[in-house]
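A short reminder: the numbers here are calculations on the coordinates, not readings from a lab. Keep in mind that this is a model prediction, so the values were computed, not measured. As a convention, Cβ positions derive from the backbone with ideal geometry for all residues, glycine included, and neighbour counts pool all protein chains shown.
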Amino acid sequence: MPPSPEPSSYALPVDADRLATLLQSVALGDRQALRGLYDLTATKLFGLALRITARRDWAEDVVQESFVSIWHHAGDYRPHLAAPMTWMTTIVRNRALDCLRRAAAARVSQTVELDDDLGEWLADDAAGPAELADASQQARALNRCLQRLEQSQRQAIVLAYLQDLSHAELAARLRAPLGTVKSWVRRGLERLRTCLEGAS
C-alpha cells in the first residue's frame, strides 16, 4: 500500500454506488479494485486517523491496517446497513482507537506508581459504539482541560503519563521534592476529573 496522502479539506465527495461496486470486486479478490478504493478514499480516511491519533506515523499505520482489514472483510459489507464510506470510516476509527489503547497500555505497564484511577481509565476496553464515536471529541476535551491546569500540574501529569516517568523520576526531572511532585499529580488529576465531568 502506498504512503497515506496529505489530509485535505478540499477532497471531493465520492460516489457511494462506485464505492459499493469496488467493495464487491474487492470481496472477489480484485486487487485493482482495492487500489481504486484506496485512491478514492485514502485522503479522507487518513485525515480521520490523524485527527484521532494526532501522530502521522500512527495514522499511516492505521490506514495500512484498515485497508488490510477491508481486503479481508469486504465480503462482510452490507449496503442496506451502511453507506460504503460509513463502513470504512468505522473500520479506521476502531483501528485508530485500538492504536491509542495499545500505546496507553504500554505506558501503563512501564510506568511506576501509576495513579490507580487513571490507570483503570486508560486500560478500559469496554467502550461501546457511542463511546467509540465520541472518542475524538473526548480527546479534544481532555486537551482543553489539560490547558486549564497550573503549569506545574500539567507538566507533572504529561511527564508521568506520556513519557513514562515515575514520581521519583519526576522529582529528579523537575528538581522538586517527591511529596510536592505527588501533590501536583494528585491535585492535577482531581482538577482534570472535575473539568472532564463538567464537559460531559
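Just grab the label-to-label distance for residue 98 and residue 20, each label 7 Å out from Cα along the Cβ direction, in nm (one decimal).
Inter-label distance under the simple model: 2.7 nm.
With θ set to phi - 60°, apply the Karplus curve 6.51 cos²θ - 1.76 cosθ + 1.60 along region 142-150 and write out the HN-Hα couplings as whole Hz, x wherever there is a Gly or Pro.
4, 5, 4, 5, 4, 5, 8, 6, 4
What is the sum of charges, Lys and Arg at +1 and Asp and Glu at -1, for the other residues whose Cβ falls under 12 Å from the Cβ of residue 180?
On the way: positive: 175, 182, 186, 187; negative: none.
Taking every Cβ under 12 Å from that of residue 180, the sum is +4.
Take the Cα coordinates of region 12-110, assign each an equal point scatterer, and use the Debye formula without solvent to give log10 I(q)/I(0) at q = 0.21 Å⁻¹.
-1.01
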